[in-house]
Amino acid sequence: MLSEFKPAILITLFFTGLTGILYPLAVTGAAQTLFHRQANGSLITKEGRIIGSELIGQNFTRPEYFHPRLSAAGSGYDAANSGGTNLGPTNPALADRLTKDAAQFRRDNPDFTGPLPADAITTSASGLDPDISPANAQAQAGRVATARGTSPEAIHKLVADHTTPRQLGVLGEPVVNVLRLNLALDAQFPQKR
């Protein structure tokens, strides 16, 4: 009977070693060698201190900063609670939330009178989206310019300079990374304390 189990045991041990030890080590080694920054979370440092990641949104609420896309993840940008709200388009709770968020966006950005960009009031599928659309950033430019004591044109140019185009010119949509944009704001238009 042991002779019947021996091949199964050996194959299990072989594939456990191959797929459970060697393959993960090879992939981790390749990632650390070829894509070190990305494999370690695309972290952003300032003055030697980690301040965030390009991949996970942060909650900026002060008027002198661009605000991120709304988060449905826990208490906001909580990676442990990542996920959408799963509210369907006919759900009254979604309609109520969108109405409240649209009114809040208008209160926060009183100079903006155009149609609201969709990502200004909707949450991303993960709830952790670090990017907003250029239209959303431009809609906030008046508020940021007033709070920073500079011209809206200077803020519009900063947004344009920090807009990432479509990948390969056709994939996805242009986006603006909120953390990188806010860091550029601090560098170019520092707050007087």
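Helix 2-17 and the longest principal axis of the C-alpha atoms of the chain enclose an angle of approximately 30°. Here LYS46 is the anchor, and the aspartates and glutamates within straight C-alpha reach of less than 15 Å, apart from those fewer than 8 places off in the same chain, are GLU54, ASP186. DSSP finds beta bridges in the chain, and of those with both partners inside it, around 90 percent are antiparallel.
Sorted by packing (mean other beta-carbon atoms within 10 Å per residue), highest first, where do 157-170, 136-149, 111-124 land?
Result, highest mean Cβ count within 10 Å first: 136-149, 111-124, 157-170.
Each part reduced to its alpha carbon centroid, the range 155-175 and the range 1-18 end up 54 Å apart. Against the longest principal axis of the chain, how steep is helix 152-161, in degrees 0 to 90 to the nearest 10, with axes from Cα atoms? The angle comes out near 20 degrees. Once the Cα atoms are used to define both axes, helix 23-34 deviates from the longest principal axis of the chain by about 40 degrees. Between GLY88, GLY41, GLY52, the residue with the greatest mean-square fluctuation in the GNM of the chain (Cα pairs under 10 Å linked by springs) is GLY88.
No value in this document is a laboratory result; all are computed from the given coordinates. Only a predicted model underlies this, so the values are computations on that prediction, with no experimental measurement involved. Here Cβ is always computed from backbone atoms with ideal geometry, including for glycine, and neighbour counts include all displayed protein chains.
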